[in-house]
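Visitor: Attaching a single structure in structure tokens format; questions to follow.
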Amino acid sequence: MYQMISDDNPYETPMMIFPASHYTMGGIWVDYELQTSVKGLFAIGECNFSDHGANRLGASALMQGLADGYFVLPYTMQNYLSDQIKVARSTFDTSHPEFDKAEADVRARIQRLMDIKGTKSPDEIHKRLGHVMWNLVGMGRTLQGLVKAIDEIEEVRKEFYNDLRVVGKADDLNTELEKALRLEDFLVIARMMAIDALNRNESCGAHFREEYQTADGEAARRDDQYMYVSCWKYTGDNVKPILIKEPLNYEAIKVQTRNYKS
Amino acid sequence: MEHNISVNLKIWRQRGPKEKGQFVNYKLDNVSTGSSFLEMLDMLNQQLVERGEEPVVFDSDCREGICGMCSLYINGHPHGPVQGITTCQLHMRKFNDGDTITIEPWRSAAFPVIRDLMVDRNAFDKIQQAGGYVSFNCGGAPDANATPISKEVADTAMDSATCIGCGACVAACKNGSAMLFVSAKVSQFALLPQGQVERKRRARAMVRKMDELGFGNCTNTGACAAECPKNIPLSNIARLNREFINAKCSE
Ligand code: SF4
Ligand code: FES
């Protein structure tokens, strides 16, 4: 496989290896039943934040998909559905004002992007956002870097809303529009990730703040201050999300630091 | 080492399922031989967008050979001229400066073109839904040694399970048959204890669904196995035939 990608035979030429981020930790907030803060909406598998803690290995996403799908959801969703039994089936249609509003919102969102008529493709802006995230919100993070990242993400956001170009039509199969819509979401998430990383003045799991390391370069956690899950409440694209702390209380295990050395 | 080449692309463009398509020629310069085939297409699309033209629509997702989305017919081969890889794993170093590269969508009645190089492979999902699963309550984890499975059986099942449902087998087949895909999916369960309960029902249901969706019959040509990016062997088809006959006889 390595040879297929790099065209070098690793038995003869040493492999070129460097660390890269493969994953981001966290995800959609859910309760123990895997229900999101929107009642009736469940989020399972790797899109939710529930199982992996501050770090995860590649295959644990598969585990999470299987565990959520096999063991959790079949039992917890029934709790929700059992209350719905009283709702008359005849009301299950799309004639509710909420549907009309949702549809109108999506149409307005699409039209807004189509109307920008700038010069940059979604891919170009996406790459720019990617660079900011890779350089400043990647594996090693610092206070200055994160402050800078938030500014730069804001710059990219401005570029997006002022200079985006979506070719083609909105009511067609339009992959450029699809990319633009995704990118619009990424901008919100990118900003939130930077704000979150800035808030957490410790190193923990995959979050390595360079200021917080032990003498031999290992992650230094600060359990006295950060023993909580940071949940960020969305209140609008341009508004700072609100931090809700969920304390981590361990009853059955003793909190330790992983140590590969002794 | 890496260097830049120029290529002439002959790409199938088709606005929609009902519309007539045609080949359109594009010339692309400064393509790094280190870039992947799909990165080359991204580059083309970027240039098209800069000129205000609509980009070439194609499917891709993982870009690491595991999802089966990148269904491109390149120079007469599904997933390109290199054996045992998907389109996304193909690199431009396999091409020479000045080459003309022909890119088409999968061509099969069961996979209608949605737009340009993007096809609708929903038929595979329907076959899977007809029986490509096991439905039993997992319960607690059983003892690992309670049900011994020989290494040979485990390996064969695993090999069958590597099918990524890309559809190259159908695209390569002159009959548009989905036998290699269906046989891989049936085999991966038929070989293992978990698959026994629904074994016969599965073989019947998946074959029935395959026939119903307009896939052709197998004439043992073997183009499918030759073009399969995961090297799924023809022996799976033999196994499927056996499974199916068995299931039919005991109906
Ligand atoms: S058998 Fe091979 S070619 Fe056919 S769908 Fe599976 S991986 Fe693709
Ligand atoms: S893009 Fe996933 S297999 Fe090619």
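All of the numbers you see were taken from the coordinates with simple rules; none came from a lab. A quick note: this is a predicted structure, and the numbers were derived from the prediction, not measured. Here Cβ is always computed from backbone atoms with ideal geometry, including for glycine, and neighbour counts include all displayed protein chains.
Visitor: Which whole-number percent is the relative contact order of chain A (Cα, under 8 Å, 6+ apart)?
Guide: 13 percent
Visitor: Treat the count of other C-beta atoms within 10 Å as a stand-in for reagent exposure and order A:244, B:101 from fewest to most.
Guide: Least crowded to most crowded, the residues run A:244, B:101.
Visitor: Determine the relative contact order of the stretch B:1-86: mean sequence separation of Cα pairs under 8 Å and six or more apart, normalised by residue count, in whole percent. Show your work: numbers first, answer last.
Guide: On the way: 97 pairs, mean separation 15.3, N = 86.
Reported relative contact order: 18 percent.
Visitor: Using a Förster distance of 45 Å, how high is the FRET efficiency between residue B:242 and residue B:50, based on the Cβ-Cβ distance and rounded to 0.05?
Guide: The formula returns an efficiency of 0.20 here.
Visitor: Please build a GNM for chain B, connecting alpha carbons under 10 Å apart, and tell me which residue among B:174, B:18, B:230 fluctuates the most.
Guide: Judging by the Gaussian network model, the answer is B:18.
Visitor: Residue separation times 0.36 nm, minus the C-alpha to C-alpha distance between residue A:162 and residue A:260: what's the value?
Guide: Value of the extension gain: 30.3 nm.
Visitor: Please list, in chain and number order, the residues 5+ apart from residue B:99 or on another chain whose amide H is under 5 Å from its amide H, with Hs placed from the backbone.
Guide: B:8
Visitor: Running a GNM on chain B with Cα contacts under 10 Å, which residue among B:175, B:145, B:96 ends up with the highest mean-square fluctuation?
Guide: Looking only at B:175, B:145, B:96, the largest GNM fluctuation is found for B:145.
Visitor: Report, in cubic angstrom per residue, the convex hull volume of the C-alpha atoms of chain B.
Guide: Roughly 155 Å³ of hull volume per residue.
Visitor: Starting from the Cα-Cα distance between residue A:246 and residue A:135, subtract it from 0.36 nm times their residue separation and give me the gain in nm to one decimal.
Guide: Fully extending the segment from residue A:246 to residue A:135 adds 37.0 nm.
Visitor: Next question, about the same structure. Report the antiparallel proportion of the DSSP beta bridges in chain A as a percent, rounded to a multiple of 5.
Guide: 70 percent
Visitor: Using 16 Å as the cut-off for backbone N distance, which residues of the stretch B:173-188 belong to the label zone defined by a point 7 Å from the Cα of residue B:211 along Cα→Cβ?
Guide: Correct set: B:177-179, B:182-183.
Visitor: Between residue B:128 and residue B:27, with labels modelled 7 Å along Cα→Cβ, what's the label distance in nm to one decimal, could you check?
Guide: 4.3 nm
Visitor: For the pair residue A:201 and residue A:108, how long in nm is the line joining their label points, each one 7 Å along Cα→Cβ?
Guide: In this crude label model, residue A:201 to residue A:108 measures out at 4.0 nm.
Visitor: Oh, and also: Counting other beta carbons within 10 Å of each Cβ, put A:134, B:106 in order, fewest first. The partial results should precede the final answer.
Guide: Working: A:134 12, B:106 24.
Neighbour counts put them in this order, fewest first: A:134, B:106.
Visitor: Please compute one quarter of the surface area of the Cα convex hull for the stretch B:121-249 and express it in square nanometres.
Guide: Details: hull surface 32.6 nm².
Convex hull of Cα atoms, orientation-averaged projection: 8.1 nm².
Visitor: Tabulate in residue order the Karplus-calculated ³J(HN,Hα) for the stretch A:135-143, using 6.51 cos²θ - 1.76 cosθ + 1.60 with θ = phi - 60°, rounded to whole Hz; enter x for Gly and Pro.
Guide: 7, 10, 10, x, 6, x, 10, 10, 4
Visitor: Let me see the P(r) profile for the protein assembly as shown: every Cα-Cα distance counted, bins of 10 Å, each bin given as a percent of all pairs.
Guide: Computed distribution, short to long bins: 3, 14, 21, 26, 23, 11, 2, 0.
Visitor: If I stretch the segment between residue A:151 and residue A:79 completely, what's the gain in nm (0.36 nm per residue apart, minus their alpha carbon distance), one decimal?
Guide: Stretched fully, the residue A:151-residue A:79 segment lengthens by 21.5 nm.
Visitor: Along the Cα-to-Cβ line of residue B:6, 7 Å from the Cα, sits a label point; which residues in the stretch B:98-118 have backbone N less than 16 Å from it?
Guide: B:98-101
Visitor: Would you mind working out the magnitude of the charge dipole of chain A relative to its Cα centre, with +1 at each Lys and Arg C-beta and -1 at each Asp and Glu C-beta, to the nearest 20 Debye?
Guide: Charge dipole of chain A: 440 debye, to the nearest 20.
Visitor: For a test of the definition: using alpha carbon positions, the gyration tensor, and the 1.5 limit on a/c, classify the stretch B:60-148 as rounded, prolate or oblate. Walk me through the intermediate numbers first.
Guide: On the way: a/c = 3.76, a/b = 1.86, b/c = 2.02.
It comes out oblate by the Cα gyration axes.
Visitor: Of all beta bridges DSSP finds with both residues in the protein assembly as shown, what is the antiparallel percent, to the nearest 5?
Guide: Bridges in the protein assembly as shown that DSSP calls antiparallel: roughly 75 percent.
Visitor: Can you give the local net charge around residue A:187? Use residues other than it whose beta-carbon is closer than 9 angstrom to its beta-carbon, Lys and Arg +1, Asp and Glu -1.
Guide: Charge balance near residue A:187 sits at -1.
Visitor: Can you list the aspartates and glutamates whose alpha carbon sits under 17 Å from that of residue B:27, skipping same-chain ones fewer than 8 residues off?
Guide: Filter leaves B:39, B:42, B:50, B:53, B:54, B:97, B:99, B:104.
Visitor: Still on this structure: Of B:119, A:235, A:219, which is farthest along the charge dipole of the protein assembly as shown in the positive direction, counting Lys and Arg as +1 and Asp and Glu as -1 at C-beta?
Guide: Result: B:119.
Visitor: Here is a further query. Provide the per-residue ³J(HN,Hα) series for the stretch A:202-212, in order, calculated from phi with Karplus coefficients 6.51, -1.76, 1.60 and θ = phi - 60°, each as a whole number of Hz, with x at glycine and proline positions.
Guide: Whole-Hz 3J(HN,Hα) from phi for the stretch A:202-212: 6, 10, 7, x, 7, 8, 10, 8, 4, 5, 10.
Visitor: So, by mean Cβ neighbours within 10 angstrom, what's the order for A:183-192, B:86-95, A:165-174, A:74-83 with the highest one leading? Numbers along the way, then the final one.
Guide: On the way: A:183-192: 17.8, B:86-95: 22.7, A:165-174: 16.2, A:74-83: 11.8.
Final packing ranking: B:86-95, A:183-192, A:165-174, A:74-83.
Visitor: Step through the residues of the stretch A:249-257 one at a time and calculate ³J(HN,Hα) from phi using the Karplus curve (6.51 cos²θ - 1.76 cosθ + 1.60, θ = phi - 60°), rounding each to whole Hz and writing x for Gly and Pro.
Guide: Along the stretch A:249-257, the couplings run 10, 9, 9, 8, 10, 8, 6, 10, 10 Hz.
Visitor: Take A:222, A:141 and order them by how many other Cβ atoms sit within 10 Å, fewest up front.
Guide: A:222, A:141
Visitor: From largest to smallest, what semi-axes in whole angstrom does the stretch A:1-86 give when each is the square root of 5 times an eigenvalue of its alpha carbon gyration tensor?
Guide: That gives 40, 13, 9 Å for the three semi-axes.
Visitor: Using DSSP, restrict attention to beta bridges with both residues in chain B and report what percent are antiparallel, rounded to the nearest 5. Write out the running numbers ahead of the final one.
Guide: On the way: 17 of 22 bridges.
So the antiparallel bridges amount to about 75 percent of the total.
Visitor: For the stretch B:1-110, what are the per-bin percents of Cα-Cα distances with bins 10 Å wide, up to the bin holding the maximum?
Guide: 14, 48, 33, 5, 0
Visitor: In terms of modelled amide H atoms, which long-range or inter-chain residues lie less than 5 Å from the amide H of residue A:42?
Guide: Under 5 Å from the amide H of residue A:42 lie the amide H atoms of A:36, each far enough along the sequence or on another chain.
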